[in-house]
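The values are calculated or read from the model by the stated rules, or taken from the named source; none is laboratory data. Because the structure is predicted, anything quoted here is derived from the model rather than measured. Every residue, glycine among them, receives a Cβ derived from its backbone with ideal geometry; neighbour counts consider all protein chains shown.
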Amino acid sequence: MAYTLITANRNYSSWSLRPWVLMKALGIPFADRLEPFTKPSNYDEFRAFSPTGQVPVLVDGETTVWDSLGIALYLADRHPGVWPEDAAAKAWGACVVAEMHGGFSALRNDCTMNVGVRVSPKPMRPALLRDVARIREIFEQGLDRFGGPWLAGERFSVVDAFFAPVAFRIRTYGLDVGRGQAWVDHVLASEPMRQWEAEALLESWREESHEAELAEAGAITADFRAPPR
């Protein structure tokens, strides 16, 4: 079984992080192919390997699987450990994974992912405050119900993978997630997340539209990325 996982810039691509960190954490081997964002729309170039013109994409021989949730479901049929084993944790996990995949638009729009910076955010609009409150609720509920240190119990699962980009956003913008910070600290300290971050900090290219979104989010207080080339 020889997978190739196609992702984009470590600094920016939150959707890419989900299957990447899942496969790394579960020890599922893959060839790592990075296709960077080079302009506001990479649709035409990405259509060469992705039906949607977006990343991530998993290639398994003659099979192409796109979308982070589609990839997770595909892997779950072939590898143990993608979902929590406990039935209650699996049911809860399926709900919050779907919720993250289809919701939290204010968090995505107002707090763009950029691993290598720290930002003093602008005053949060009500929709963002609701998203952050719901994130806090999910984190605290998962830790309380299933005992931690991961969101659905003692073992890393797809639930943690789908919220991993949120952990970077929480750190970047200093968002308050209450007792859920324990999970944020735990996942950021994990080896796969540390590897992703290290690679993000080495990236020297900048993409104009992503940087514009960052400027709209607030004032940059620290930038740990390699200097732009």
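Criterion applied to Gly180, Gly174 was being crowded, with 17+ Cβ neighbours inside 10 Å and among the small types (Gly, Ala, Ser), and the one residue passing it is Gly180. With respect to the conditions (1) out of contact with any helix residue (DSSP H, G or I) (no Cβ under 7 Å at 6 or more places or on another chain); (2) buried (at least 17 other Cβ atoms within 10 Å of the Cβ), Gly81 lacks only one, and its number is (1). Among the residues making up the stretch 106-144, those that are closer than 25 Å to Phe156 by Cα and surrounded by fewer than 21 Cβ atoms within 10 Å (Cβ to Cβ) are Arg108, Gly116, Ala133, Arg134, Arg136, Glu137, Glu140, Gln141, Leu143, Asp144. Filter the stretch 12-53 down to the residues that are part of a loop (DSSP other than H, G, I, E, B), of a type outside the set (A, V, I, L, M, F, W, C) and within 22 Å of Ser204 (Cα to Cα) and list them by number. If the condition is that a residue be part of a loop (DSSP other than H, G, I, E, B), of a type outside the set (A, V, I, L, M, F, W, C) and within 22 Å of Ser204 (Cα to Cα), then Tyr12, Ser13, Glu35, Pro36, Thr38, Lys39, Pro40, Ser41, Asn42 are the ones that fit. Checked against the criterion of being without any contact (Cβ under 8 Å) to a residue 60 or more places away in the chain and on the phi > 0 side of the Ramachandran plot, the stretch 73-92 has no qualifying residue.
What are the residues in the stretch 69-94 that are within 27 Å of Asp144 (Cα to Cα), under 20 Å from the mean Cα position of the chain (by Cα) and not aromatic (Phe, Trp, Tyr), if any? Result: Leu69, Ala72, Leu73, Ala76, Gly81, Val82, Pro84, Lys90, Gly93, Ala94. Checked against the criterion of being surrounded by fewer than 15 Cβ atoms within 10 Å (Cβ to Cβ) and out of contact with any Ser or Thr (no Cβ under 9 Å at 6 or more places or on another chain), the candidates Ala2, Ala31, Ala72, Ala76 yield just one match: Ala2. Is it true that some residue in the stretch 23-34 is under 20 Å from the mean Cα position of the chain (by Cα), closer than 23 Å to Asn109 by Cα and at pLDDT 95 or above? Checking the stretch 23-34: not a single residue is under 20 Å from the mean Cα position of the chain (by Cα), closer than 23 Å to Asn109 by Cα and at pLDDT 95 or above. Is at least one residue of the stretch 151-170 of a type outside the set (A, V, I, L, M), surrounded by fewer than 21 Cβ atoms within 10 Å (Cβ to Cβ) and not in a loop (DSSP other than H, G, I, E, B)? Looking for residues that are of a type outside the set (A, V, I, L, M), surrounded by fewer than 21 Cβ atoms within 10 Å (Cβ to Cβ) and not in a loop (DSSP other than H, G, I, E, B), one finds none in the stretch 151-170, hence no. Kindly evaluate Gly142 against the criterion of being without any contact (Cβ under 8 Å) to a residue 60 or more places away in the chain and touching a Phe, Trp or Tyr at 6+ places or on another chain (Cβ under 9 Å). Against the criterion (without any contact (Cβ under 8 Å) to a residue 60 or more places away in the chain and touching a Phe, Trp or Tyr at 6+ places or on another chain (Cβ under 9 Å)), Gly142 qualifies. The sole residue among Gly116, Gly178, Gly147, Gly153 that is of a type in the set (Gly, Ala, Ser), without any contact (Cβ under 8 Å) to a residue 12 or more places away in the chain and touching an Asp or Glu at 6+ places or on another chain (Cβ under 7 Å) is Gly147. Taken over the stretch 39-63, the residue count meeting the criterion of being loosely packed, with under 15 Cβ neighbours inside 10 Å and among the polar types (S, T, N, Q) is 3. Taking each residue of the stretch 207-229 that is on the phi > 0 side of the Ramachandran plot and looking for partners that are hydroxyl-bearing (Ser, Thr, Tyr) and surrounded by 11 or more Cβ atoms within 10 Å (Cβ to Cβ) with beta-carbon atoms closer than 9 Å, six or more apart or interchain, yields Gly218/Ser120; Gly218/Tyr173.
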